[in-house]
Amino acid sequence: MQDIDQHNLADEIKPPVSQVGALGWIRTNLFKGWLNSCLTIITVYLLWKIIPPAFRWAFVDSLWFSTGAQCQQTSGACWSVVTANIRFITFGFFPYEQQWRPFVAMILLVCLLFYSQNRNHWKKSLAYAWGLGLSLMGLLMKGGLFGLTSVESSQWGGMPLTLLLSIFGLTAAYPLGVVLALGRKSRMPVVKTFSVLYIELIRGVPLISLLFMSSVVFPLFFPEGFHINAIIRAQVAIILFTAAYIAEVVRGGLQAIARGQYEAAESLGLNYYLTMRLIILPQALKIVIPPSVSILISAFKDTSLVVIIALFDFLKTTKTVISDPQWMGFSAEAYIFAALIYFLCCFFMSNYSRRLERELETGL
């Protein structure tokens, strides 16, 4: 009987309101100790000083659809620098009347990426879908068939060029990096030496150097009159550069695999190819998902460096707009827009990697 009374008494006694719920969370996380309280007060004060004026500048006093002259008369943001030049920022020098073609190509690419993010779709049919989709995208961009006007690659620019360099570059760099990682751990001296030299040489120079070499140095070795498209040369440089970093990440994953996994494969009579494909690489690649995605995100942002070899990617078209005298002085708005686009792309890549980690139960 006494035990029952004690149990009922424990049910009636509840923790103080200041220790549970929203008040408890605030007290524990924001005002726990004098130092934490001071930092919270300072932070709230700074946010109060920064956020309301920034909101007023960005939304209340801003202009969205006006001319550069009208923007000069306002104290708010001039988002018209984006809305008035959105087609040039997005498509660059692609012929104005034909800009529906890169737009459809981008929509097709986004649809393929969205469809591919589901692991249940990772079948042979997906490879066929990508092959067909890439062929259609190439046809839309280049033209020359089915009544489509031919457009030289020198006129490609803006977001389609950025997506082209990043998607194709990252897709080709990852398998190449895996091969280089396997080569570095190979027991064949020639293969291992070549892999080590390649990885260390590429990682020892900045991407800008490779882009300059692809644009200036490599053509000197070609016969007179022989020309390789500048986009292809930039694409190759990005692939070679990214693959070297991916190789080191994958090598770390391979070293994390216990020796017992190799011995188990040998006991089953598996050869080197089957051991790597069925046992070692699936585990190693799951381990290195976070650092791999970090490198791929960095490579995506590094595509903006192609501006140094006269390719008008998304960032370059944005900079070109604010060099127009009509829109000078509104670079902040243009760069905020560009930063937002880059952030969204990188955020979706990072978010997908986290979801893939959960699905594959990485680290367990």
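Can you tell me how many residues in the stretch 206-248 are hydrophobic (A, V, I, L, M, F, W, C) and either on the phi > 0 side of the Ramachandran plot or in a loop (DSSP other than H, G, I, E, B) (or both)?
Count: 3.
For MET1, which of the numbered conditions (1) loosely packed, with under 10 Cβ neighbours inside 10 Å; (2) modelled with pLDDT of 55 or more fails to hold?
Evaluating MET1 over (1) loosely packed, with under 10 Cβ neighbours inside 10 Å; (2) modelled with pLDDT of 55 or more leaves (2) as the failure.
Which helices (runs of 4 or more DSSP H) does the stretch 46-141 wholly contain that include 2 or more residues that are closer than 21 Å to TRP327 by Cα?
The qualifying helices (runs of 4 or more DSSP H) are 68-71, 80-83, 86-91.
Quick check: anything in the stretch 335-354 of a type outside the set (D, E, K, R), in contact (Cβ under 8 Å) with a residue 60 or more places away in the chain and within 26 Å of ILE257 (Cβ to Cβ)?
yes
Taking PRO291, is it over 30 Å from ILE89 (Cβ atoms), at pLDDT 85 or above and within 19 Å of the chain's Cα centre (by Cα)?
Against the criterion (over 30 Å from ILE89 (Cβ atoms), at pLDDT 85 or above and within 19 Å of the chain's Cα centre (by Cα)), PRO291 qualifies.
Here are some residues: ILE297, ILE309. Which one is surrounded by 17 or more Cβ atoms within 10 Å (Cβ to Cβ), within 26 Å of PHE241 (Cβ to Cβ) and touching a Cys at 6+ places or on another chain (Cβ under 7 Å)?
ILE297
Just one of the numbered conditions (1) without any contact (Cβ under 8 Å) to a residue 40 or more places away in the chain; (2) in a helix (DSSP H, G or I) is not true of ARG251; which one?
Looking at each condition in turn, ARG251 falls short on (1).
Could you say whether any residue in the stretch 230-245 is out of contact with any strand residue (DSSP E or B) (no Cβ under 9 Å at 6 or more places or on another chain), over 30 Å from PRO102 (Cβ atoms), of a type in the set (Phe, Trp, Tyr) and not assigned by TED's automatic domain parsing to the domain that holds CYS111?
Checking the stretch 230-245: not a single residue is out of contact with any strand residue (DSSP E or B) (no Cβ under 9 Å at 6 or more places or on another chain), over 30 Å from PRO102 (Cβ atoms), of a type in the set (Phe, Trp, Tyr) and not assigned by TED's automatic domain parsing to the domain that holds CYS111.
If TRP327 meets every condition in (1) in contact with a strand residue (DSSP E or B) (Cβ under 9 Å, 6 or more places away or on another chain); (2) under 30 Å from LYS286 (Cβ atoms) apart from one, which number is that one?
Status for TRP327: all satisfied but (2).
Out of the residues in the stretch 305-332 that are assigned to a helix (DSSP H, G or I) and among the polar types (S, T, N, Q), state the one that is nearest to LEU211 (Cα to Cα).
Filtering the stretch 305-332 for residues that are assigned to a helix (DSSP H, G or I) and among the polar types (S, T, N, Q), the one nearest to LEU211 (Cα to Cα) comes out as THR317.
Considering only residues that are touching a Ser or Thr at 6+ places or on another chain (Cβ under 6 Å) and modelled with pLDDT under 90, look in the stretch 72-91 and name the one that is surrounded by the fewest Cβ atoms within 10 Å (Cβ to Cβ).
GLY76
Determine whether the stretch 236-243 contains at least one residue that is at pLDDT 85 or above, surrounded by 14 or more Cβ atoms within 10 Å (Cβ to Cβ), within 30 Å of SER154 (Cβ to Cβ) and in contact with a Phe, Trp or Tyr (Cβ under 7 Å, 6 or more places away or on another chain).
Taking every residue of the stretch 236-243 in turn, none turns out to be at pLDDT 85 or above, surrounded by 14 or more Cβ atoms within 10 Å (Cβ to Cβ), within 30 Å of SER154 (Cβ to Cβ) and in contact with a Phe, Trp or Tyr (Cβ under 7 Å, 6 or more places away or on another chain).
Answer yes or no as to whether MET213 is at pLDDT below 90, in the same structural domain as PHE168 (by TED's automatic domain parsing), surrounded by fewer than 21 Cβ atoms within 10 Å (Cβ to Cβ) and within 15 Å of VAL307 (Cα to Cα).
When the stated conditions are applied, MET213 passes them.
Pairs under 7 Å by beta carbon, first residue assigned by TED's automatic domain parsing to the domain that holds PHE103 and without any contact (Cβ under 8 Å) to a residue 24 or more places away in the chain in the stretch 127-139, partner surrounded by 14 or more Cβ atoms within 10 Å (Cβ to Cβ) and part of a helix (DSSP H, G or I), six or more apart or different chains?
From residues that are assigned by TED's automatic domain parsing to the domain that holds PHE103 and without any contact (Cβ under 8 Å) to a residue 24 or more places away in the chain, the pairs are ALA129/LEU112; TRP130/LEU112.
The values are calculated or read from the model by the stated rules, or taken from the named source; none is laboratory data. Keep in mind that what you see is a predicted model, and the values were worked out from it rather than measured. In this analysis, Cβ positions are derived from the backbone assuming ideal geometry, glycine residues included, and neighbour counts consider all displayed protein chains.
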